[in-house]
Amino acid sequence: MSDQSKYEIQDEALIRDDIAGYLRKHEEKDLLRILTCGSVDDGKSTLIGRLLYDCKMIYEDQLAAVTRDSKVHGTTGGDFDPALLTDGLKAEREQGITIDVAYRYFSTDKRKFIIADCPGHEQYTRNMATGASTANLAVILIDARLGVVTQTKRHSFICSLLGIKHVAVVVNKMDLVDWSAETYERIRNEYNAFVSRLDFSDIHFFPVSALAGDNVVEKSENMPWYDGSTLLHHLESVNIATDRNLVDMRFPVQLVSRPNLDFRGYAGTVASGVVRVGQEVASLPSRRTSTVKSIETAAGPVEEAYPPMAVTLTLNDEIDVSRGDMLAPVNNLPRLDNEFEAMVVWMHDTPAREGQSFLIKQTTNVVPGVLTEVRYQMDVNELRKLPGDVDSLALNEVGRVHLTLHRPLAFDSYRKNHSTGAFVLIDRVSNITVGAGMIVDRPVRKSDEGPKSQNISRTRGEVTRVTREALLGQQGHTLWLTGLSGSGKSTVAMELERRLTDSGRLCCLLDGDNVRHGLNRDLGFSHDDRTENIRRIAEVARLMNDTGIIVIAAFISPYITDRAGAREIVGDKSFCEVFLDTPLEVCEERDPKGLYAKVRAGEIHQFTGITDPYEAPENPEIRIDTTSQDVEAGVSQVMEVLRDRGVIPR
Amino acid sequence: MATYQISHLAQLEAEAIHIIREVAAEFQNPVMLYSIGKDSSVMLHLAHKAFAPGKIPFPLMHVDTQWKFHEMYRCRAEAAERYGVEIKVWINPEGKDQVGPFSHGSEKHTQIMKTEGLKQALNHHGFDAVFGGARRDEEKSRAKERVYSFRNQFHQWDPKNQRPELWNLYNARVNKGESIRVFPLSNWTELDVWLYLMREEIPIVPLYFAKERPVVERDGVLIMVDDDRMPLEDGEQPMHKKVRFRTLGCYPLTGAVESEAETIEEIVQEMLLTTTSERQGRVIDFDAAASMEDKKKDGYF
């Protein structure tokens with residue numbers, strides 16, 4: 001046992017003299033969740049035992065048991081072995097290694113801590129990922145005698161993959177390298193060199209002897225060259241408050257509460273952002289909108305709620321919301337799609353294979369889905385993609401995959417939002433959790449999918465697009481006009497068509513009516529149908545562009561993702577988004593087709609801008625303000641851009 | 001500027017409410033085990049908060065050994081009344097009025113009336129999710145327990161083959177006959193429980209507070225003489241000592257500690273300045289090293 005002076009609990013006097021004051025103080029402490037990882041024999045259990053022991057979290061009877069056990073199982077020749085305080089299960093104790101995730105609790109005067117103790121065995125990536133999923137900070141142990149080893153890299157990669165921002169690198173067993181500053185510096189440089197490829201926001205290093213207690217809780221007298229803080233001091237002071245996403249409000253509904261006819265509430269945990277009374281929200285996937293009427297808790301209503309508060313929301317309108325739906329601000333919606341790409345950690349003995357189906361649990365949803373493709377596998381030791389085609393992932397392997405779901409989910413990328421970007425894969429037969437996934441940023445388009453039949457390949461004739469464009473003296477291009485009903489899309493589109501035709505340019509106007517009467521007459525106005533409508537129009541526009549024709553597409557196209565999809569199909573270079581920026585009140589006043597009147601009279605139930613959201617473009621190539629510009633000026637603006645882009649000659 | 005932070009206790013409360021709601025939403029037939037102890041009281045209160053202003057949508061169940069302290073039975077009835085819940089009581093019919101700790105020994109009594117009784121009750125009602133108030137900080141083998149702990153059709157726990165549990169995405173899938181034990185207080189410590197009882201003003205069994213009580217000393221443990229089923233040795237007289245209980249169970253198997261603590265503040269004060277861990281008062285843990293782990297594999301909570 002170390003004969004160093006023990007960490008003094010300053011609060012001891014407070015506990016004795018003013019227990020009520022102490023309890024008030026303790027209640028307000030915040031919480032830090034720590035993951036510890038290292039290779040076998042790095043001394044992880046010893047470090048945790050040391051933290052618990054020096055913070056006086058070990059009771060005498062536990063200590064007596066450990067001292068007794070030290071003689072039977074200990075690796076310290078009968079001396080006090082702090083590791084035995086934490087190695088839980090009998091089987092593990094006999095093997096001398098930890099084999100699963102174990103959670104430990106301790107608190108100091110400043111903070112309360114939960115430690116997820118993770119195994120160091122090379123094959124236990126899955127346990128690390130489990131511990132990392134809820135951790136704010138990772139303690140990565142390195143044996144000073146060995147330096148950075150393969151597992152160090154692997155553990156760091158998993159921590160980064162799971163989105164841990166803070167890392168404390170503990171260079172342990174300094175006593176066995178003669179407290180050498182040189183060794184410590186070398187390891188520090190080694191670690192910094194490879195970790196630059198990862199996504200940590202702060203990294204701190206500590207030269208430590210966990211067995212003797214140096215720089216864990218007490219400053220070491222053996223390493224006067226080290227002027228940094230102790231590990232515990234760092235754990236007590238690291239700032240994690242800004243790690244949370246407080247911007248994008250997301251509220252996955254857990255259950256609907258209907259205790260009586262006068263109350264209809266949606267119970268759930270705020271996943272991110274801040275929800276406020278009066279906030280305008282849409283329910284996904286229906287996209288019905290309403291405003292927050294109240295935020296209820298058992299202790300009474302509150303004005304706002306934020307993560308991880310568990311509350312019950314009531315809304316001002318009776319819109320159909322049930323478990324699995326997500327409430328989000330109308331002007332800041334998550335992605336809604338039935339497919340996405342993700343990084344997946346595979347956790348089962350039987351490998352994951354392309355074409356395999358699973359249940360996917362994300363927020364409060366459980367949805368069947370298919371692993372459509374394994375894009376690539378990561379080399380978790382070297383932090384890079386493995387070359388070559390893969391179609392499966394084995395236990396403890398990490399890879400990027402494409403998943404297709406039976407129905408759409410609302411989600412964000414994991415990077416942006418852990419709560420809505422995380423999911424687990426559940427085997428449909430055994431019910432076991434077989435994988436963990438993190439959704440990645442890139443939006444996936446339907447156009448990425450191959451054609452349904454295997455016997456189709458794209459026809460490439462001798463006559464190319466360039467040849468046709470030369471023939472016409474113009475370039476194929478798509479002008480995509482978007483805006484609310486009554487915003488002036490048709491007026492501008494028809495005038496554009498006339499101006500282009502008058503100047504000898506070949507163009508074609510696609511609008512809602514001519515498309516929906518023919519090509520898309522099988523489609524309605526549900527979300528899926530709207531998406532499919534836009535996809536087909538974009539495909540037609542591309543075919544026409546390929547022949548050199550200028551396409552004027554005038555569609556409300558209310559969703560950002562759909563328009564982005566159209567852009568991807570047509571090709572960014574040939575696509576020009578024109579936003580008819582007309583306020584809703586003006587559109588409603590114009591009401592050229594009398595539709596707004598019908599909505600207000602209750603004859604139409606679903607209408608963009610009134611019941612359904614319109615997601616305005618953030619960066620359209622052209623914005624036409626129809627309240628200050630006349631049609632002529634708007635059209636001239638578009639013609640000028642076409643000339644600038646070389647679509648038509650000057 | 002608002003910091004949008006909540007204290008660790010509020011975080012633990014929110015986490016537990018989230019778990020309790022998930023279970024209510026995803027399982028067919030959940031039940032909350034209710035032992036009348038302080039952890040059960042916290043869990044019941046959290047369930048109440050999770051569904052307010054509605055009612056708790058599942059029943060409670062008490063596996064009764066017939067040897068609990070008399071004050072516990074009174075508190076059980078009061079809790080049912082206060083929270084408006086049904087408390088189902090199960091007594092193993094095979095041991096009813098026959099098996100007891102004095103006639104059969106602590107190990108057999110616990111095995112038949114508690115472990116077997118629990119399995120019978122679960123089979124009888126076909127519960128697919130069973131809330132328990134266990135905390136990971138109680139004992140080493142509990143530190144690896146999941147929040148959702150899978151049990152096969154024989155109610156057994158396989159510590160080497162647990163489902164990975166990530167984020168707050170709990171896997172509620174079970175086949176017929178299988179079940180999940182759910183521990184919403186997993187991340188709470190004993191201190192958190194006391195703080196929460198105080199903050200929320202939750203009533204608990206008075207046995208937790210020090211009072212003069214009749215006790216006898218058996219193998220160094222103070223046992224309260226709660227009724228005349230307690231066999232006294234020739235000439236033995238119960239002593240009157242000011243004692244309290246750190247955990248509650250069957251009275252002949254629950255050791256008292258001498259104490260002056262009459263309020264929660266004083267209990268916490270004693271606890272923080274004392275040097276022995278909570279479970280030491282429980283006779284069953286002494287049976288063998290790692291005994292809790294063996295009991296859990298067998299279906300004990």
Taking the convex hull of the alpha-carbon atoms of chain A and averaging its shadow over every direction gives an area in square nanometres of 37.7 nm²
Can you list residues whose amide H is under 5 Å from A:VAL281's amide H, if they're 5+ apart or on another chain and H is modeled 1.01 Å from N? A:SER290, A:THR291, A:VAL292, A:VAL330
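Taking a ≥ b ≥ c as the square roots of the eigenvalues of the Cα gyration tensor of the stretch A:337-425, is the shape rounded (a/c under 1.5), prolate (a/b larger than b/c) or oblate? Each step should come with its number before you reach the end.
Values: a/c = 1.87, a/b = 1.43, b/c = 1.31.
Note, shape of the stretch A:337-425 comes out prolate.
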Grab the other residues whose beta carbon is less than 9 angstrom from that of A:ASN136, score K and R as +1, D and E as -1, and report the net. +1
Based on the alpha-carbon gyration tensor of the stretch A:513-572 and its eigenvalue square roots a ≥ b ≥ c, which shape applies: rounded if a/c is under 1.5, prolate if not and a/b is larger than b/c, or oblate? oblate
With r as the distance between the Cβ atoms of A:LEU146 and A:LEU386 and R0 = 25 Å, compute the FRET efficiency 1/(1 + (r/R0)^6) and round to 0.05. 0.45
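May I ask for the net charge around A:ASP262, where only other residues with Cβ less than 15 Å from the Cβ of A:ASP262 are counted and Lys, Arg are +1 while Asp, Glu are -1?
After counting each charged neighbour, the total is +1.
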May I ask which residue of B:ILE91, A:SER290, B:LEU222 lies farthest towards the positive end of the charge dipole of the protein assembly as shown, with charges of +1 (Lys, Arg) and -1 (Asp, Glu) on Cβ and the Cα centre as origin? A:SER290
Other residues with Cβ under 12 Å from the Cβ of A:GLN279 give, with Lys and Arg +1 and Asp and Glu -1, a net charge of -1
Applying a 10 Å radius around every beta-carbon, put B:248-256, A:265-273, B:85-93, A:329-337 in order of their mean neighbour count, most first. A:265-273, B:248-256, A:329-337, B:85-93
Signed unit charges on C-beta, dipole axis of the stretch B:32-124, positive-most listed residue B:LEU33, B:MET113, B:THR65: B:LEU33
Cβ neighbours within 10 Å from other chains - mean over B:258-267: 1
Note, the stretch B:105-114: 3J(HN,Hα) by Karplus (6.51, -1.76, 1.60, θ = phi - 60°), whole Hz, Gly/Pro = x, goes x, 5, 5, 5, 4, 5, 4, 6, 7, 9
Test item: A:300-309 mean partner chain Cβ contacts at 10 Å: 3
Fraction of beta bridges assigned by DSSP in the protein assembly as shown that are antiparallel (%, nearest 5): 65 percent
What FRET efficiency comes out for A:THR627 versus A:LYS416 if R0 is 51 angstrom and r is the Cβ-Cβ distance? Round to the nearest 0.05. 0.90
Nearest 0.05, what FRET efficiency do A:ASP644 and A:ASP529 give at R0 = 30 Å with Cβ-Cβ as r? 0.25
In whole angstrom, the spacing between the Cα centers of the stretch A:220-292 and the stretch A:324-360 equals 21 Å
Partner shielding of B:5-16, as the mean number of partner chain Cβ atoms within 10 Å, equals 6
Sequence ranges A:604-610, B:192-198, ranked by mean other-Cβ count within 10 angstrom, highest first: B:192-198, A:604-610
Place the peptides A:191-201, A:208-218 in order of packing, highest mean first, counting for every residue the other Cβ atoms within 10 Å and averaging per peptide. A:208-218, A:191-201
Set Lys and Arg Cβ to +1 and Asp and Glu Cβ to -1, take the dipole of the stretch A:190-251 about its Cα centre, and tell me which of A:VAL238, A:ASN222, A:SER201 lies farthest positive. A:SER201
A:ALA564-B:LYS176 pseudo-label distance in nm [points 7 Å out on the Cα-to-Cβ vector]: 4.6 nm
In this structure, among A:LYS44/A:LYS165; A:LYS112/A:LYS293; B:LYS38/B:LYS119; A:LYS173/A:LYS219; A:LYS110/A:LYS416; B:LYS119/B:LYS211, pairs with alpha-carbon gaps over 25 Å are A:LYS112/A:LYS293; A:LYS110/A:LYS416; B:LYS119/B:LYS211
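Every number in this text was worked out from the coordinates using simple rules, so none of it is lab data. Predicted model only: the values in this text are computed from it and were never measured. Neighbour counts run over all protein chains shown; Cβ positions are idealised from the backbone, glycine included.
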